[in-house]
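What follows is a set of notes on a single structure, which appears directly below.
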Amino acid sequence: MNKSPQIKLISSKTEEKYRIFSFELATDSNQRNYEIYVFNSDIPFKQENITDQKLDKFAMKQMKIWLVDSGKKPPKDKHRVLINGGKITTDNIENFLSIQKKTSDLVRTNVTISAPLFEWAKSKAQKENTSFSDLVSRGLLTLKDSDKEINAWFKERRAYSRKKLGDLGSFEIAHYLPNSYREFDTNFLKDALQRSEIRRTGWPIGAYLTGSNQRPHPQEDGIEAEYSPSFNLKLDYWYAKNKGEFYFSRNLESDSGNGKAEPKTSLYFDTVIWRIAEALEHCLAYYQHLDVSKSERVKIRISLNGLSGRYLSAWNQMRSFSLRHYTCGSNKSTWETEVKLNDLEEQLDDTIYEATKKILVMFDFFVPNKEVVFDILNREYRKSTM
């Protein structure tokens, strides 16, 4: 039975607006250090009643709660912040504290914020039964969409694209920066999208057309594009939000009417590898061109939809002969991860393989050979210049 990590309070430090408690968590295999930042207003004692003993007891209790929240395993992020009655975990405490300073300056100097953000904040205030001024006073942290809100938005995008495609299959990727508090200018976002196209597959993920009636259009919270139909394409849809969220969906190649497959009958496993590789490379390029630090974490979800009853095949017919007996009984297959951008870049091929394995295992437990996946990546995908 795995034992819970042993907690040791190493030190405490007092700053102007908060206290920092440093901990060491020891397991049988290693030791990790963590910090809990507690803003003064979240210390549950009156100033005249504060003692070192009370603070240490409070800090140990908070570390135990954090450990329970992370499933009694060492947390992924190294910092937890207690502020305004809430708990925020982050791996970039410097970014968080700089946002807090900017927020304080905003409140003191009454700087005007952008109209779209103001309208969004008013709506959020109504849902929380509070005031806009209260949201601002609590800081930009409160104005940031929660993971639940972001996932609800991704679900809306998926429902829209699935309705357009009907019973055809689709490939989709959704990703965002869970610890980022930035809002990107629309023109800056547009430039990053245009520069992030990976031109290996003929029609790149996130294609940004400039001379077409179907060109992308600015939205209140970002940029949206929808391309359809063409000879090989039933639907190509993406949406990039000003806060970094990105969603993309496209029909499966085996449903395109191109090649020898009958629509809604099969899945080309080799083009799945191409799409996963391109989606992850596009993700890296996108955040690079948005000037996002490589130390930022990114959450990624890749899914295939409309799979029920399909059998495995391949665009390259030489690979398809031994695959047909692998069939899928589920309508959807998903892989997801949370990782630092620099780790994703350094471990890209292994990540592509892990994503491929997780998605294709729904076809009667099919596991592709790693050497075959790498061969498709390096001998075909990366040498393509379509």
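Taking loop as defined by DSSP and a crowding limit of 16 other beta carbons within 10 Å, which chymotrypsin sites (Phe, Trp or Tyr not before Pro) in segment 5-98 fit?
PHE45
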field: Loop-located trypsin sites (Lys or Arg not before Pro) in segment 24-69 whose Cβ has at most 14 other Cβ within 10 Å (DSSP)
entry: LYS46
field: Heavy-atom accessible area per residue - segment 1-102, 1.4 Å, Å²
entry: 64
query: Once a ≥ b ≥ c are taken as the square roots of the eigenvalues of the Cα gyration tensor of segment 1-61, is the result rounded (a/c under 1.5), prolate (a/b larger than b/c) or oblate (a/b not larger than b/c)?
result: prolate
query: Is segment 173-241 rounded, prolate or oblate when judged by the Cα gyration tensor, a ≥ b ≥ c being the square roots of its eigenvalues, rounded requiring a/c under 1.5 and prolate requiring a/b larger than b/c?
result: prolate
- prompt: Which value, in Å² and to the nearest 10, is the accessible area of VAL373 when all protein chains are kept and the probe is 1.4 Å?
  reply: 0
message: For SER12, project a label point 7 Å along Cα to C-beta. Then give me every residue of segment 28-52 with its amide nitrogen under 19 Å of that point.
response: 34-52
message: Once R0 is set to 51 Å, what does the formula 1/(1 + (r/R0)^6) return for the Cβ-Cβ distance between LYS358 and GLU48, expressed as a FRET efficiency to the nearest 0.05?
response: 0.35
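Run the accessible area of segment 263-386 with a 1.4 Å probe and give the carbon-and-sulfur part as a rounded percent.
The value for segment 263-386 is 50 percent carbon and sulfur by accessible area.
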- prompt: Taking a ≥ b ≥ c as the square roots of the eigenvalues of the Cα gyration tensor of segment 139-199, is the shape rounded (a/c under 1.5), prolate (a/b larger than b/c) or oblate?
  reply: oblate
query: How much accessible area per residue does segment 243-290 have, in Å², with a 1.4 Å probe?
result: 23
- request: May I ask which of LYS87/LYS332; LYS87/LYS340; LYS61/LYS148 have a Cα-Cα span longer than 31 Å here?
  value: LYS87/LYS332
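Which of the chymotrypsin sites (Phe, Trp or Tyr not before Pro) found in segment 252-340 are in a DSSP loop and have at most 13 neighbouring Cβ atoms, other than their own, within 10 Å?
Listed in order of number, the matching sites are PHE321.
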- line: Counting only backbone N atoms under 16 Å from a point 7 Å out along Cα-to-Cβ of SER4, the residues of segment 38-57 in range are 57
- prompt: Between SER384 and LEU209, how many nm apart are label points set 7 Å from Cα along the C-beta direction?
  reply: 2.0
Theoretical FRET efficiency, 1/(1+(r/R0)^6), r = Cβ-Cβ of LYS164 and SER322, R0 30 Å, to 0.05: 0.30
query: What is the distance, in nm, between label points placed 7 Å from the Cα along the Cα-to-Cβ direction at LYS57 and at PHE188?
result: 4.8
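The values are calculated or read from the model by the stated rules, or taken from the named source; none is laboratory data. Fair warning: this is a prediction, and the values are worked out from it, not measured in the lab. No Cβ is skipped: glycine too gets one built from the backbone with ideal geometry, and neighbour counts run over all protein chains shown. Calculation scope for accessible area: heavy atoms of the full protein, side chains included, ligands and nucleic acids excluded. Shrake-Rupley method; radii C 1.70, N 1.55, O 1.52, S 1.80 Å.
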